[in-house]
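The structure appears below as structure tokens.
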Amino acid sequence: MEEKMNNHRQNTPRFVCHWTLLLFSAAVSAISTTTTAAQPFDYANALSKSLLYFESQRSGRLPYNQRVTWRHHSGLTDGLEQGVDLVGGYYDAGDHVKFGLPMAFTVTMLSWGIIQFQDEIAVAGELEHAMEAIKWGTDYFIKAHTSPNVLWAEVGDGDTDHYCWQRPEDMTTSRQAYKIDQNNPGSDLAGETAAAMAAASIVFKKTNPHYSHLLLHHAQELFEFGDKYRGKYDGSIAVVKSYYASVSGYMDELLWAAVWLYEATDKEEYLNYVVDNAASFGGVGWAISEFSWDVKYAGVQIMASKLLEKDKHKQHAHILKQYRSKAEYYLCSCLNKNNDTTDNIDRSPGGLLYIRQWNNMQYVTTAAFLLTVYSDFLRDSNQNLHCPAGTVGHEEILSFAKSQVDYILGSNPLNTSYLVGYGSKYPRRVHHRGASIVSYRENKGFIGCTQGYDHWYGRAEANPNVLVGAVVGGPDGEDNFEDRRDNYMQTEACTYNTAPLVGVFAKLLQLEESHELELVASY
């Protein structure tokens, strides 16, 4: 039986107030960012594979154009007991609970990737697949938002789900659904879902304006709901606490939702919200060294700091500069450019950013995304990043982001790709129920709750189905990795690990094709 309590995906975030000493310590290795010689990577192949992963994670009735053929329909009665249609959405990882908070963050990051790198994704021929991945999530959020002040937050629960090792098609575990409402608030969940729908509304604005408008309507209602009835969602839904507890609270999600609604609507009320609540909500107080499904401050700070360049925001320059200062702290901590080593993020001997042992790759992929976005911003505005340990140009920032991506693809001491299905050497025993059991399409015979544990979980053989495009939890702080199904801290993959890489792969592919990568690689 897997033991996934209290530390499964919930971890105390690394963040600190500007008026206090850091609450965490990190000793940064002075070793170079990679131990293996530079090698070419097929970013087009990595991009295509990353989008396949989301099809593996689909819940509900699969469409005619489903490309991952070892999956079949599942969760077709979700919400039935509660009298609501909750069919669809994504399983977050290797189990079958539909957790609203990480699902929404996944969709926000996929949407941001398209907003930032749409041309690059389109040139690679993957824009339609990327938009389909977003829509599979937003279609579900529309269903889950049944009235202005009601959002269905979760289907299934982690405790009972983990008693069984079954394919999603055979699921016999509880499909109890849980909601937030005005009596049981969840501002963090409402805020993140609002951010996801607002960002997605930008993605669909030209190609599907009616759908875009619908998403924006839901986003605005959810933001109002989360702001009016404030509280942490794990205070209302106890079953989520062992899996996706809201350690950072809800203020970062409300700021995050507001900044995305401003991007989507250009309405001053949302910008004013980000400015007026900057101090009281921690937006300009917390100096962050991680960006994740739980902690959104670094994302807010980077988006807010980019607004400084527009003349119409001059009256807010004082606050926006404070946001930028905190954004730069995050970026400098990734780049090992803060003066105090405790202000920098650890790196493994092989050069991988290292925050914690449980699913560390999620922090690497989000860092690679934010660094890439900011590198583009600095290039376009002809600026540099000013860190305590020196000035950094946009090429150097992109070069470091690329080093993290290349580590994931195999430029590491073990020469292993942590993107499943990419390259010749990658994890074969991913901690994933559906991938580890014979495909439903090959064998429709029912596989029971404990039968999966008895016959499939403990097998030494590789999984019968390859979870293509999944980014697993990854190696430890010394670059060690054990490819075992029961080693879920390292071999389980999550949707929010892969989502940030979609846009970054497309960006690196475009640079490679324009030969600019030669310049970046020289740094």
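Brief remarks on what is shown
- Candidate lysines - alpha carbon under 25 Å from Lys321, same-chain residues fewer than 8 apart omitted: Lys267, Lys296, Lys306, Lys310, Lys312, Lys337
- Separation between Cα centres of segment 339-406 and segment 258-299, rounded to whole Å: 21
- 5 angstrom amide H check on Arg347, placed H, neighbours 5+ away: Ser29, Tyr354
- Most positive-pole-ward Cα, His162, Gln82, Val472, against dipole of the chain from beta carbon charges: Gln82
- Linear extension gain, Asp159 paired with Ser514, 0.36 nm per residue minus alpha-carbon span: 122.8 nm
- Think of each Lys and Arg Cβ as +1 and each Asp and Glu Cβ as -1; about the Cα centre, that makes the dipole of the chain roughly 300 debye.
- Shown is the FRET efficiency for Lys205 and Leu414, computed with R0 = 30 Å from the Cβ-Cβ distance and rounded to the nearest 0.05: 0.10.
- As a calculated quantity, the FRET efficiency between Asn184 and Thr77 at R0 = 25 Å, using C-beta atoms, amounts to about 0.60.
- Environment charge at Val284 (Cβ cut-off 11 Å; Lys +1, Arg +1, Asp -1, Glu -1): +3
- Segment 39-66 versus segment 182-212: alpha-carbon centroid distance in Å: 23
- The trypsin sites (Lys or Arg not before Pro) of segment 221-311 that DSSP puts in a loop, and whose beta carbon has at most 13 other beta carbons within 10 Å, are Lys267, Lys310.
- Part-to-part distance (alpha-carbon centres) for segment 98-137 and segment 452-506, which is given in Å: 21
- For segment 209-298: rounded, prolate or oblate by the Cα gyration tensor [a/c cutoff 1.5]: oblate
- Phi to ³J(HN,Hα) by Karplus 6.51 cos²θ - 1.76 cosθ + 1.60 over segment 55-60, Hz, x for Gly, Pro: 6, 5, 8, 5, 10, x
- Per residue accessible area in Å² of the chain, where ligands, DNA and RNA are left out and the probe is 1.4 Å: 35
- Formal net charge of residues neighbouring Arg71 (Cβ-Cβ distance under 11 Å; K, R +1; D, E -1): +2
- Label-point separation, His217 to Asp85 (7 Å along Cα→Cβ), nm: 1.6
- Theoretical FRET efficiency, 1/(1+(r/R0)^6), r = Cβ-Cβ of Lys321 and Glu478, R0 56 Å, to 0.05: 0.90
- Label point 7 Å beyond Cα of Gln66 along Cβ direction - residues of segment 129-170 with amide nitrogen under 13 Å: 168-170
- The chain: calculated mean residue ellipticity at 222 nm from DSSP helix runs of at least 4, using -39500 (n - 2.57): -13500 deg cm²/dmol
- Distances between placed amide hydrogens fall under 5 Å for Ala177 paired with Gly156, all partners being 5 or more residues away or on another chain.
- Couplings 3J(HN,Hα) of segment 432-437, computed from phi: 7, 4, x, 6, 8, 10 Hz, in residue order, whole Hz [Karplus 6.51 cos²θ - 1.76 cosθ + 1.60, θ = phi - 60°; x for Gly and Pro].
The values are calculated or read from the model by the stated rules, or taken from the named source; none is laboratory data. Not measured: the values here are computed from a predicted model. As a convention, Cβ positions derive from the backbone with ideal geometry for all residues, glycine included, and neighbour counts pool all protein chains shown. Protein only, heavy atoms only, side chains kept; ligands, DNA and RNA dropped before computing areas. Shrake-Rupley method; radii C 1.70, N 1.55, O 1.52, S 1.80 Å.
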